[in-house]
Amino acid sequence: MRITRGDRLIFMPIFSFPKTRVHVRIFLIGLNRSLIKMRRLTILLAAIAASTFCALAVLAQTQTFSSNSVDYVLDLPSPTWRVVTEPDSVHEHAEFVNGERNAGYLRVRKEVVDSGTTAQDFAHREMETKLHFLPGFVEGREESFAGRLNGVTISYEFTSGGKPMAGRIYYLMADERTIYTLRFTGLRDHLPQIRNQTDAIARSFHLK
């Protein structure tokens with residue numbers, strides 16, 4: 001920048017002018033904000049991509065169980081879960097294991113009840129007439145459960161062959177006369193750790 005002072009020419013840097021410095025400062029602030037926004041957007045897109053990948057990985061592992069011998073469908077959350085028995089003239093229920101029985105065993109059974117009987121009523125009746133007589137029985141919590149079919153779930157502890165075991169039963173109301181029971185058992189130190197899997201199986205359970 002060239003200015004005249006008296007009879008002399010004076011050259012001054014452009015940044016020596018206050019207005020110019022302000023404009024440069026505003027530009028740099030705006031540039032910095034833009035970079036921050038771009039960085040946040042990049043992080044967000046990376047998080048979305050990671051979540052999508054995880055969801056696809058879970059879906060790839062999920063197996064859907066259905067059979068001509070049953071009137072329901074359920075999802076098994078990993079290849080470790082497999083069906084071992086389907087209902088037939090001898091067995092009235094389907095059975096599944098999580099690798100091996102002590103790591104997680106599931107029996108699904110259809111129960112016909114009197115009209116007006118709720119899932120909670122049926123759970124209490126079973127608690128009093130069956131579960132209380134298991135060796136080493138310890139009553140656990142009762143909770144409401146919401147899935148494709150709604151109902152209640154109860155937990156308990158018992159012993160089998162000298163081993164400490166745990167159980168969780170989901171009582172799912174199909175209609176006013178039909179309740180499906182999903183009975184999970186496993187070692188006491190293992191079954192509670194796969195609660196997310198037992199919940200997922202019960203939530204996926206629905207009629208054809």
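Quick notes on this structure:
- Each residue, Ser66 and Val112, gets one label point 7 Å from its Cα in the Cβ direction; the gap between the two is 2.5 nm.
- Using θ = phi - 60° and Karplus 6.51 cos²θ - 1.76 cosθ + 1.60, couplings along the range 96-112 (whole Hz; Gly, Pro as x): 9, 10, 9, x, 9, 4, 5, 7, x, 10, 10, 10, 10, 9, 8, 10, 9
- Under the Karplus curve 6.51 cos²θ - 1.76 cosθ + 1.60, θ = phi - 60°, whole-Hz ³J(HN,Hα) for the range 71-82, x wherever Gly or Pro sits: 10, 9, 9, 8, 9, 9, x, 7, x, 5, 6, 8
- Karplus (6.51, -1.76, 1.60) ³J(HN,Hα), θ = phi - 60°, over the range 114-128, in Hz, Gly and Pro reported as x: 5, 4, x, 6, 8, 4, 5, 4, 5, 4, 5, 5, 5, 4, 6
- Within the same chain, aspartates and glutamates fewer than 8 places from Lys163 are excluded, and of the rest, those with a Cα less than 20 Å from its Cα are Glu100, Glu139, Asp189.
- Backbone amide hydrogens, once placed in the peptide plane, bring Val152 within less than 5 Å of Phe145, Tyr171, excluding anything fewer than 5 places away on its chain.
Laboratory data are not the source of any read-out in this text; all were calculated from the coordinates shown. The structure presented is a predicted model; accordingly, all values stated were derived computationally and were not measured. Here Cβ is always computed from backbone atoms with ideal geometry, including for glycine, and neighbour counts include all displayed protein chains.
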